[in-house]
Amino acid sequence: MTIIRTKNLTKSFYNNHVLRDVSIEIPEKSISAVIGQSGTGKSVLIKTIIGMLKPDSGEVWFKDKELTALDQNKLLEIRKCFGYSFQNAALFDSMNVGQNLAFPLEESLHIKDHQKIQKRVKEILDWIELPGIELKRIDELSGGMRKRVGFARSLIMRPEVLFFDEPTTGLDPVLSETINNLVVRVNRELDITCVLITHDIPAAFRIADKIVFLDQGYIVADGSPAEVAVSDHQMVKDFIKISFSELKV
Ligand SMILES: Nc1ncnc2c1ncn2[C@@H]1O[C@H](COP(=O)(O)OP(=O)(O)O)[C@@H](O)[C@H]1O
Ligand SMILES: [Mg+2]
C-alpha cells in the first residue's frame with residue numbers, strides 16, 4: 001500500500017529549478033531513503049511533501065487526500081500525522097527534558113491531562129533507553145543523548161509517517177549507528193513509515209526498503225536497494241561506487 005504519493009512536483013526559487021517532475025510513491029510501514037548530492041533538492045522535496053513549501057505545480061497525496069488541494073487549516077490537521085526530525089532540530093535549552101517532550105503534546109495535540117502527559121513522556125524515554133532523565137537540563141546532556149531526546153520529541157506525537165533530514169550528518173560512527181538502529185526500531189516496533197534523507201549511502205542500502213535517488217531535481221533511480229544497486233544511470237553508478245569504495249584495508 002502506498003501512503004504518500006507525489007505527482008509531477010515542480011518547485012523553483014526564481015530561476016533555480018529545484019524539483020522537476022518528481023513523482024514518487026512511499027510504501028506504507030516501510031523505510032524509504034532519499035539520497036543524492038548536496039543542494040539537489042532532497043530537503044525541498046520533503047518540505048514540499050509535508051506542506052512547509054508550496055509546489056509550483058504537481059500534487060502531493062497522503063492516503064486518499066490530496067494535500068496540495070487542502071486549505072491551511074485542514075493541512076495543519078493532517079500534518080499531525082507527520083513527524084519530522086530536521087538537522088540540528090533544536091531543543092529548548094530553558095526547559096528540562098520532560099518539558100521539552102511534553103511541549104508537542106500540549107501545544108499541538110492540546111492534551112491537558114498532566115498524568116497522561118507524564119506517562120507518555122516516561123514511555124518514550126524508556127523506549128529510547130534513557131529512562132528517568134525527565135528532570136535533566138538540556139545542557140547537561142551529551143551530544144548523543146540530545147540527539148536521542150530530539151528523536152523522542154518527534155516520536156511522542158505518535159506520527160504515522162516520520163521524516164528524518166540527515167539525522168546522522170556530523171555524528172561519529174558509533175552514534176550514527178545508534179540513530180540508524182533507532183530508525184529501524186521505529187519502523188519495525190512501532191510500525192511507523194519512515195522517510196530518511198541521508199548522506200550515509202551504505203546505511204541507506206542496509207536499512208531502507210526503497211531508495212529514491214535525486215539528481216538536480218530529477219528522480220534518476222527509484223526502487224529496492226538491489227534494483228538501485230544495478231542502475232544504468234552513470235551518476236548513480238558513480239555515487240554508489242565512491243560510497244562503497246572508501247575502505248582501504
Ligand atoms: N527557501 C528557499 N529559498 C530559496 N532557495 C532555496 C530554499 N530552500 C532551498 N533552496 C535551494 O534549493 C536547492 C536545493 O536545496 P535543498 O533541497 O536544501 O538541497 P539538499 O539536497 O542538500 O537537501 C538549493 O539550490 C537551495 O539553495
Ligand atoms: Mg538538505
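Just one of the numbered conditions (1) in contact (Cβ under 8 Å) with a residue 24 or more places away in the chain; (2) small (Gly, Ala, Ser); (3) more than 12 Å from Ile31 (Cβ to Cβ) is not true of Ala203: (3).
A search for C-beta distances below 8 Å between a residue of the range 36-59 that is in contact (Cβ under 8 Å) with a residue 60 or more places away in the chain and β-branched (Val, Ile, Thr) and any residue that is within 12 Å of ligand 1 (Cβ to nearest atom) and assigned to a loop (DSSP other than H, G, I, E, B), counting only pairs 6+ apart in sequence or on different chains, returns Thr40/Gln216; Thr40/Gly217.
Got at least one residue in the range 40-55 being more than 25 Å from Ile156 (Cα to Cα) and among the hydrophobic types (A, V, I, L, M, F, W, C)? No, the range 40-55 contains no residue that is more than 25 Å from Ile156 (Cα to Cα) and among the hydrophobic types (A, V, I, L, M, F, W, C). What number of residues in the range 109-149 are exposed (fewer than 13 other Cβ atoms within 10 Å of the Cβ), small (Gly, Ala, Ser) and either within 21 Å of the chain's Cα centre (by Cα) or at pLDDT 95 or above (or both)? So the answer is 2.
Exactly one residue among Phe62, Phe13 is among the hydrophobic types (A, V, I, L, M, F, W, C) and within 16 Å of ligand 2 (Cβ to nearest atom), and that residue is Phe13. Among the residues here, Gly98 qualifies as in the same structural domain as Phe151 (by TED's automatic domain parsing) and small (Gly, Ala, Ser). The listed residues are Ser142, Ser108, Ser154, Ser176, and the only one of them that is among the small types (Gly, Ala, Ser) and assigned by TED's automatic domain parsing to the domain that holds Ile46 turns out to be Ser176. If you filter the range 150-177 down to residues that are touching a Gly at 6+ places or on another chain (Cβ under 6 Å) and closer than 16 Å to Val195 by Cα, you find that the one that is modelled with the lowest pLDDT is Ser154.
Of all residues in the range 152-178, those that are over 12 Å from the mean Cα position of the chain (by Cα) and either within 16 Å of ligand 1 (Cβ to nearest atom) or assigned to a helix (DSSP H, G or I) (or both) total 10. Looking across the range 161-185, the residues that are closer than 26 Å to Glu77 by Cβ and either aromatic (Phe, Trp, Tyr) or surrounded by fewer than 18 Cβ atoms within 10 Å (Cβ to Cβ) (or both) come down to Phe163, Phe164. The residue that is surrounded by the most Cβ atoms within 10 Å (Cβ to Cβ), among those in the range 50-82 that are touching a helix residue (DSSP H, G or I) at 6+ places or on another chain (Cβ under 7 Å) and assigned to a helix (DSSP H, G or I), is Leu67. Annotation: of all residues in the range 23-47 being over 19 Å from Cys194 (Cβ atoms) and either in a strand (DSSP E or B) or over 16 Å from the mean Cα position of the chain (by Cα) (or both), the one that is farthest from ligand 2 (Cβ to nearest atom) is Ser23.
The values are calculated or read from the model by the stated rules, or taken from the named source; none is laboratory data. On a predicted model such as this, the values are computed, not experimentally measured, just so you know. No Cβ is skipped: glycine too gets one built from the backbone with ideal geometry, and neighbour counts run over all protein chains shown.
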